[in-house]
Structure formats: structure tokens, C-alpha cells
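Read through the structure below, which is laid out as C-alpha cells, and then see the notes.
The values are calculated or read from the model by the stated rules, or taken from the named source; none is laboratory data. No experiment lies behind these values; they were computed from the predicted model shown. Here the Cβ is made from the backbone with ideal geometry for all residues, glycine too, and neighbour counts use every protein chain on show. What goes into the accessible areas is simple: the full protein's heavy atoms, side chains included, and nothing from ligands, DNA or RNA. Shrake-Rupley method; radii C 1.70, N 1.55, O 1.52, S 1.80 Å.
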Amino acid sequence: MNQVNFRLKESEHEIAKIIAEYNGKSLAEYARQTLLTDIRSKRCDLAFKLVEEGKCGMKRAWKISGLSFREFLIEWNNRKASEKISDNLQEEHWNIVQNLDINKYLRTK
């Protein structure tokens with residue numbers, strides 16, 4: 001577990017405390033739930049934006065999105081997403097594939 005600390009002006013603190021009490025929660029719990037609600041509403045869009053910008057791949061985007069893998073694949077398809085792979089990396093992978101000796105992986109009788 002990690003902890004998040006932040007400072008509020010006295011007037012902000014008083015208002016937040018009143019709202020938290022009105023909702024039957026401690027200020028800390030209210031702040032936590034409010035932050036997590038905001039994060040949930042933004043994380044899926046952020047995940048796909050990072051993929052589009054080439055800043056992360058499919059697996060990391062899935063983790064960021066907070067969706068189940070099935071939900072993520074449906075969203076991936078709906079958004080017509082694709083990973084951005086640099087030309088250098090594509091060439092490197094192509095060289096690996098071309099030089100692969102598949103006989104090492106075949107079963108012998």
C-alpha cells in the first residue's frame with residue numbers, strides 16, 4: 001500500500017470536512033473515494049491515448065484501463081486500436097524470425 005498526502009487551504013478543508021460528514025464518511029475516506037472515482041472515469045481513455053502515442057503497449061494499456069481482459073479486447077476492437085512499433089524494433093524482430101531454427105522446437109519420435 002502507498003499513501004497520498006496533500007495540503008488544503010483552511011477554507012477548502014472545512015468545506016471538504018462538512019461534505020464528508022454529510023455523506024457519513026471521514027474526510028480521508030471521502031477524499032480517497034472521490035479520487036478513485038475520478039481516476040476510474042479517466043483511466044480507460046488514458047490507456048488508449050498512451051497506446052495511440054506509442055508510449056505503451058497492449059499489456060500495459062490493459063492494466064491501466066482497469067477493465068477485465070475480455071472488456072479490454074472489446075474496447076480495443078471498438079476503438080480500432082493498434083500498437084505503435086518502431087521501425088527499428090520491427091526490423092529486429094523480423095531478423096529474429098528469419099534466423100529462427102524451428103527444428104529445435106519440434107518433437108522427435
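Taking Lys17 as the anchor, which lysines have their alpha carbon closer than 19 Å to its alpha carbon, excluding any fewer than eight residues away along the same chain? Answer for Lys17, where 19 Å is the Cα cut-off: Lys9, Lys25, listed by chain and number.
Under the simplified labelling scheme, the Glu12-Thr37 pair shows an inter-label distance of 1.8 nm, with each label point 7 Å from Cα along Cα→Cβ.
Under the combined filter of DSSP loop state and at most 10 neighbouring Cβ atoms within 10 Å, the stretch 61-98 retains these trypsin sites (Lys or Arg not before Pro): Lys80.
Whenever you get a sec, compute what percent of the accessible area on the chain sits on carbon and sulfur atoms (1.4 Å probe). Please report the intermediate quantities before stating the final value.
Details: 5210 of 9920 Å².
Using a 1.4 Å probe with all protein chains present, the chain comes out at 53 percent carbon and sulfur.
Taking the Cα atoms only, what angle lies between the long axis of helix 27-52 and the longest principal axis of the chain, rounded to 10 degrees? Long axis of 27-52 versus the principal axis of the chain: about 30 degrees.
The accessible-area ordering, largest first, of the residues Phe6, Phe72 stands as Phe6, Phe72, per a 1.4 angstrom probe. A simple count of charges around Leu36, restricted to other residues whose Cβ falls under 12 Å of its Cβ and scoring Lys, Arg +1 and Asp, Glu -1, yields +2. Partners of Lys49 within straight-line reach, counting lysines whose Cα lies under 21 Å from its Cα and excluding those fewer than 8 residues away in the same chain: Lys59, Lys63, Lys80, Lys84. Across the chain, the fraction of Cα-Cα pairs farther apart than 25 Å, rounded to a whole number, is 54%. Model label sites at Ser26 and Lys59, defined 7 Å from Cα along the beta-carbon direction, differ in position by 3.8 nm. With a simple spin-label model that places each label point 7 Å from the Cα along the Cα-to-Cβ direction, the separation between Val97 and Glu83 comes to 1.3 nm. Relative to the longest principal axis of the Cα atoms of the chain, helix 87-98 runs at roughly 40 degrees.
Axis angle, to the nearest 10 degrees, between helix 10-22 and the longest C-alpha principal axis of the chain: 90 degrees.
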